[in-house]
Amino acid sequence: MPAIVSTDARAFGVVSVAETVLNGTTDTLIYTGDRRALLTLRNPTAGALSPIIDGDGATVVHVPGVGNVSLAAGFAIGSIAAGAMKSIYLDGIKEYLVGTINITGGTGLIATLLEFQ
């Protein structure tokens, strides 16, 4: 189970960024919320991939004017074409990042997790 390694990007100058190749079934990451975090997923494979970020403790969130919204299915990133890359600002989806956080459907993606403050 590869855990996505975070890189502390608060240093001055050049920072060596850790990359993690995802296996697509049980990839995990840690989100604490005390630092700003940017997750980047790059697809070096020959086909499109559609990963989902899912915290096992994310259930329902109340949205004013809408009501209760289920988070049980996780956050669908959408299709990442072969050779393409997408970035997700984790504070923007923090409601999904409760409990153990898994990324599924991303076999072969290369993940980087940069943390800032």
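Here are the numbers for this structure:
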| read-out | value |
| --- | --- |
| Segments 18-27, 65-74, 96-105 sorted - mean Cβ within 10 Å per residue, highest first | 96-105, 18-27, 65-74 |
| Dipole magnitude of the chain, debye to nearest 20 (Cβ charges: Lys/Arg +1, Asp/Glu -1, about Cα centre) | 240 |
| Inverse of mean 1/r across different Cα pairs in region 3-44, Kirkwood, Å | 12.1 |
| Distance between region 1-47 and region 84-114 - C-alpha centres, whole angstrom | 8 |
| All-pairs Cα distance distribution in the chain, expressed in whole percent, bin size 5 Å | 2, 12, 21, 23, 19, 12, 7, 3, 1, 0 |
| Under-5 Å amide H pairs with residue 84, H placed in peptide plane, nonlocal only | 43 |
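Read the figures in this text as sums done on the coordinates, not as results from a lab. Since the model is a prediction, treat every value here as computed from it, not as a measurement. With ideal geometry, Cβ positions are generated from the backbone for all residues, glycine too; neighbour counts draw on all protein chains shown.
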